[in-house]
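To start, the structure itself, in structure tokens.
Values in this text are rule-based calculations from the coordinates and carry no lab data. Since the model is a prediction, treat every value here as computed from it, not as a measurement. Every residue, glycine as well, gets a Cβ built from its backbone with ideal geometry; the counts of neighbours run over all protein chains shown.
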Amino acid sequence: MAVKPPFTSVVLGEDYHTSQIYSTGVEFAMVGRVGKKWKQATTFVFCKDFLHDAIWAMLHKRPVAIYDFRYSPPGAKPAKEPKKGTTEWYDWSSLNQQFGLGDDGKLRVDIPIHMARTALLFRDTNLKGLVGKKRFHDHRIGALDFLHQVDEQMGFSPTEIHQVKGTKGNPPTWLVIGDKRWMHAPTLLSLYSILIRVGYYHNPGGEFMRTLEMMKDGEVGISNGDDEYGSGAAGCNDTSYVGQAWKGIQVILKHGIKVFHDEMIENYPDDVRTSVLHDTYGIVNFTKKRPEKRMPRWYRKSLWK
């Protein structure tokens, strides 16, 4: 007898336009836990790198705004005005325009992101209606099996996947709850989001490394025509991403969280501009060693043999 999947209520928020290269496919949003209720904390995004931008904002209590994405955590304070005409001044001006100051001089704040676990909403904008929802949720068991194997390899607590209630008229959605340590560094959160997308194609009972290899080689996933994504769909480049990130993925799977600084906040340096954090601290550019100058600890020779 089949076991019914867990269902969970999530208070969904209003999404807004962000500048992204994708317009359809799978999306993520960060989640908060307020008054014992799960609540959407950020707009849904196709690009996974916005997720670690929001975590940086939570850790430093500073707002972020990039490519029309914005997030202002509780406790955020407006920055002092830098010298006019500098790059820092234009960044400061953009933030003030996007968030606006209230009569009390405080920034508008968003729902705080849940930091006790890694909590993400995951949905497919191409699949709607009863048939689409069934097709999406049928992938849950395979994704769980895949992610549990990765969690065990990393020494993390097992991921949970709940079907979100009340999505009538909206794309089918999961609430993915993983170990807190998936947020320990921007690269780990970037990797986790790719692993969720790869796990979507995993056959239960198979070895997770074999599924990763098949994704790298284009044997599963969108490039193989296994799902109804258009060429402009988020996830359509995962074969390329996994291939480019292969060495970095192997380093992390072998050495785990020890690759990064012991203190989480040290992996989200406050002196790195949002554009640099967004563009270079994900799993692909981690593998290309683009953050090496600022984060030499991540690239100790003993790890990259």
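At full extension, residue 270 and residue 254 could sit 2.9 nm farther apart than now, given 0.36 nm per residue minus the alpha carbon distance.
If I stretch the segment between residue 210 and residue 16 completely, what's the gain in nm (0.36 nm per residue apart, minus their alpha carbon distance), one decimal?
Values: separation 194, 0.36 × 194 = 69.84 nm, distance 3.76 nm.
That pair, residue 210 and residue 16, stretches by 66.1 nm at full extension.
For the chain, a Kirkwood hydrodynamic radius built from all Cα pairs, placed in the Stokes-Einstein relation at 20 °C and 1.002 mPa s, yields a translational diffusion coefficient of 107 µm²/s. Using 0.36 nm per residue and subtracting the Cα-Cα separation, the extra length available between residue 247 and residue 279 on full extension is 9.7 nm. Using a simple spin-label model with pseudo-atoms 7 Å out from Cα toward Cβ, residue 130 and residue 86 lie 6.2 nm apart. With both labels modelled 7 Å from their Cα along Cα-to-Cβ, the residue 217 to residue 203 distance reads 1.3 nm.
Less than 22 Å apart at the alpha-carbon level, and either on another chain or at least 8 residues along: which lysines does that give for residue 84? Qualifying lysines at Cα under 22 Å: 106. Distance check, please: which entries in 61/258; 133/216; 134/254; 36/77 exceed 32 angstrom between their Cα atoms? Beyond 32 Å: 134/254. With both labels modelled 7 Å from their Cα along Cα-to-Cβ, the residue 7 to residue 61 distance reads 4.1 nm. Counting neighbouring beta carbons within 10 Å and listing from fewest to most, the residues 281, 201 come out as 201, 281.
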